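Working notes, structure below.
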Amino acid sequence: MSPTPTTLANNAQIRHWSLARSFSIRNLTLGLTIAVVSYLVLVPLFMLLSASVTSTEDKLPFESTVTTLANYAAVFTSPSTLPIFLNTLLFTAGSLAVGLPLAILLAWLLERTAIPARTWIAILIFVPMTIPSLLSAIAWIQLLDPRIGLVNVVLRGVLGMPGDTGPLDIYSLSGMCFVQGLRLVPSAYLMIAASFRAMDPSLEEQSAMAGRNIAQTTMRVTLPIMRPALLAALIYFIIVVIESFDIPGLLGFTARIRVLSTAIYWATHSEVGLPDYGLASALGTIILAAALLLMWLYQRLTAHQERFATITGKGYRPRQVRLGAWTAPAAVFCLLYVLIAVLLPFLMLLWTSVQPFYAPPSAESLARASFEGYTNIWRDGSIVRALWNTALLALVTSAATIVLAVLVSWFVVRRRSKGSWLANYLATVSFLPQCVPSIVIGLAMIFVYVRFPIPIYGTLWIIALAMTTRYLAYSSRATTAALMQVHGELEEASQMSGAPWTRTLRRITMPLLAPAMINVFFWVAVHAMQELSMALMLYNPDTVVVSTMIWSMWQNGKTADAAVLGVILILLSALLLLGGQAVSYLRRSSDA
């Protein structure tokens, strides 16, 4: 029986009403998303800039209304400023000099050559990403402390050196650069390896046919082709090193070496007198300006990499370079890196965690080894509270970030294709936290929530808000990249069938984005568990988390307890990452 004209008219009216309702809900959601993102990102930065030009004489910056440039004058006229800037410059350059060449060499060996055990070595390279920077610094202190560090103890015995001080000193600018440089390698490898993997080897083959050896071909052909990717990695990791706090905070505190990030922290955590928020906000603004400039250069470089493309649809043949007699030394070099960067630090943390007090490995200290620390730690109420706070913080931050990232991605991808300026605005503002160092976000949050009548200062929620702001840039970029592969026709068909926009988003879009969402969720959870600088700026005794607890334990000389908690944090991070991979694998298997 064919439908009557009245039925057709009613169905058309229902579809029209459904589309109009979806349109209104979609626009309302767009407005709320823009408002939330703008509030999370722009309001703290505005308060930071405002505090940097506000007089703090006899008042806190959020209590004064006097505008002045005295804070900047104090920064640039202080005799301590030049050493801080110089230390930051040397720390950045030294860390990059250690980390980037290592990452480039490892990426070339593992992606372009035929050395044995390439897959296993590549997996082990990423293991340090599960170890927080704070714990890496602690492990290297146990290894390279001039007096009790294992390496210095061994060297004193081998070299027959008198006294109780070894030749290596981790409490120095070079020690800070070494540890930070090793921390850069996994992330830098991840950025660079893909470019090596995708490069057409025919250009290198032509160079070899012209009589050039492997070294000449690499320097004159391979690296020039890789120039955009290498420059982009260089600029990106300059920002990463400038904002880093954990390693310069731990090693630099003992060595009395301050960089910009630690100068901000100590300005707001003065042991004598009131915190100097004016100085901190001025330093934070300087870091922010430098990071914005560097990120702009990074964006420019990554936007024009297609000019250096070597993969074409004709004759592309990925091929590995044969190293001949250099195969064994290359494999030994890779394994040596794994030993130094992965196994030694973790084993030292594990060793320290089973000692009542730290002592270098020996027969005597082996007899004192015990796992009582792992059972006693659960009897401490403050540690249990820190673990609970950390789990809650990771869950809340991950959930809030992924919801916001999906909404940002949808409006950016679907609206930008129609030339919407709101989509461009949303894309720009959501990416801005990538340029803002973590400690600057923490400082800005202080200025916002001490002044605004929102009762979350001193609670766990302010830390969650800070972390959501910090991780929004990465999360939205990851979900945007995934959504660009989902054609809009699927959503249009759902809405034309009468499904409202919210149901289409929940039943069509989000299931298709599930792999990216799962990866982002676990990535944010791991980083939220490990984050130190924002948590240090915003926590109090009731909102202590594992990272701040480890920091406090170390500062108070509780080395074994800090190591026990550190090992637990590493294992939890590894389980989360493995869990994310397992969930993704199971979902792919069920879809197949």
Give the carbon-plus-sulfur fraction of the accessible surface of segment 355-419 in %, rounded to a whole number; probe 1.4 Å, heavy atoms of protein chains only.
66 percent
Residue-wise, which Karplus ³J(HN,Hα) couplings in Hz belong to segment 525-535, taking 6.51 cos²θ - 1.76 cosθ + 1.60, θ = phi - 60°, and x for glycine or proline?
4, 5, 5, 5, 5, 8, 4, 10, 5, 5, 5
Return the Cα extents of segment 98-191 along principal axes one, two and three, sorted largest first, each rounded to a whole Å.
47, 27, 20
Segment 34-161: equivalent-ellipsoid semi-axes (sqrt of 5 x gyration tensor eigenvalues, Cα, Å)
44, 26, 15
Residues whose placed amide H lies under 5 Å from that of Thr113, excluding near-sequence neighbours
Val321
If you average the C-alpha positions of segment 363-437 and of segment 158-189 separately, how far apart do those two centres end up, in angstrom?
30 Å
Just grab the label-to-label distance for Thr119 and Thr68, each label 7 Å out from Cα along the Cβ direction, in nm (one decimal).
6.6 nm
Highest average packing first - 232-241, 379-388, Cβ atoms within 10 Å:
232-241, 379-388
Per residue accessible area of segment 101-195, 1.4 Å probe, in Å²:
37 Å²
With a/c under 1.5 counting as rounded, go ahead and sort segment 320-457 into rounded, prolate or oblate using the C-alpha gyration tensor (a ≥ b ≥ c being the square roots of the eigenvalues; past the cut-off, prolate if a/b is larger than b/c, else oblate).
oblate
Would you report the distance distribution of C-alpha pairs in segment 325-401 as whole percents per 10 angstrom bin, up to the bin with the largest distance?
15, 23, 26, 23, 11, 2
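The values are calculated or read from the model by the stated rules, or taken from the named source; none is laboratory data. These figures come from a predicted structure and were not determined experimentally. Backbone-built Cβ (ideal geometry, glycine too); neighbour counts: all protein chains shown. Heavy atoms of the whole protein, side chains included, go into the accessibility calculation; ligands, DNA and RNA do not. Shrake-Rupley method; radii C 1.70, N 1.55, O 1.52, S 1.80 Å.
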